[in-house]
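Please treat every number below as a calculation from the coordinates, not as lab data. Everything numeric here is computed off the predicted structure, so don't read it as measured data. Methodologically, a virtual Cβ is constructed for each residue, glycine included, from the backbone with ideal geometry; neighbour enumeration extends over all protein chains shown.
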Amino acid sequence: MSANSGSGSGSWLAAHGKLWYDDRWYRIAWIVWPQAIGLLLFVTLWLFHPTGQGFAPWGKPVAEKKDPPLPAPTPKPQPQPLNEQTSDVLAPCKGEDYAGVIQACTALLTSGNLRGENIARGYWHRGWAYLMTKQYQLAMSDYNRAISIAPGIPEFYNERGLTWIDLENSERAMQDFDQAILLKSDYAYPYMNRGVALRNLKRPNEALTALTKAVSLDANLWWAYENRAFIYEEREDWRAMYNDANKLIELKPEYRMGYEFRGHAYLEAGQYQAAINDFTKAIDLDSQAIYGWRMRGRAYYYLNQFDNAMSDLQAALRIDPKDNSTISFINDVKRKRR
């Protein structure tokens, strides 16, 4: 290195030292400017970095991480409506061949082909066939099953009530008839059957109210007229019994009871020949019913036709040798013949 170069270097350092100590602004410039230039260089490189992220990729706002969408909820199984099958599937369970109905209903119930309400109705139909064949415990079991499956059907309670009547439990029958009415207030049958139960319980006033309500809802309920006529007969209300007898004959012309009731009303009114005509019709319809023979014999008695009277009363006695009314009437005829 030459002397001149060394001397120049010394002069620069001497001047730099003098300015450093003597000039405050000189010192600040030497401290601030290198840092400013370094910062400028850093920013320039960051802005023009090929990744677009400079040297601090963590400085770029990161998009919020979202949870994956929840899967759609599995639809909750909805209960199938009870009446999900047409009633045609139960056609084999209907009819008056009760043994056949029992067999057909049993086959359907065990086949697994019935669904919903039709399972209940299968038991219901079979229960009716059991009831009609006096298999009361089996009928009760089927009605209980039907009600447990479909508790909102009033017909099930109505017919289970009839089973209770046949089992001579009219108090329990009343509960089922009341439940049927609660479910369907304009349902005539449970009113009618309620009247029967009340009559069995020796509550004739309430029975009449129930039976009258039944025929107001359905004027064709012949059984309601029959049971109301029984109450009128017990009360000796012959006009009311006569009216119900006429209605019963209109609805069931091949049923002896209407003729028996009307014949009795004629007898009490002193219309003996009209009574004989009605009792004759009743006997023609059912020659094994004692009432027609006995009452026709009584009508002959009042007409002083004692031979005819005795013939009819003896026919009645052959049906029931212990019938006290018939025996009493025979004794009356014997006394008149003396």
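Figures for the structure shown
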| quantity | calculated |
| --- | --- |
| Loop-resident sites, the range 239-296, for GluC sites (Glu not before Pro), counting at most 12 other Cβ within 10 Å (DSSP) | Glu254 |
| Count of Lys pairs (Cα-Cα under 23 Å; at least 8 positions apart or interchain) in the range 219-338 | 4 |
| Kirkwood-based Rg to Rh ratio, the range 219-338, C-alpha trace | 0.99 |
| Loop GluC sites (Glu not before Pro), the range 127-170 (other Cβ atoms within 10 Å of the site Cβ: 14 or fewer; DSSP) | Glu168 |
| Relative intensity, log₁₀ I(q)/I(0), of the range 160-214 from a Debye sum that treats every alpha carbon as a point, q = 0.13 Å⁻¹ | -0.24 |
| Taking the range 160-214 and dividing mean pair separation by its residue count, relative contact order in percent (alpha carbons under 8 Å, at least six apart) | 30 percent |
| The range 87-151: equivalent-ellipsoid semi-axes (sqrt of 5 x gyration tensor eigenvalues, Cα, Å) | 17, 14, 9 |
| Order of Phe177, Phe329 under a 10 Å beta carbon neighbour criterion, fewest first | Phe329, Phe177 |
| Volume per residue that the Cα convex hull of the range 147-281 spans, once the total is divided by residue count, Å³ | 102 Å³ |
| Span from the the range 227-254 Cα centroid across to the the range 286-338 one, whole angstrom | 23 Å |
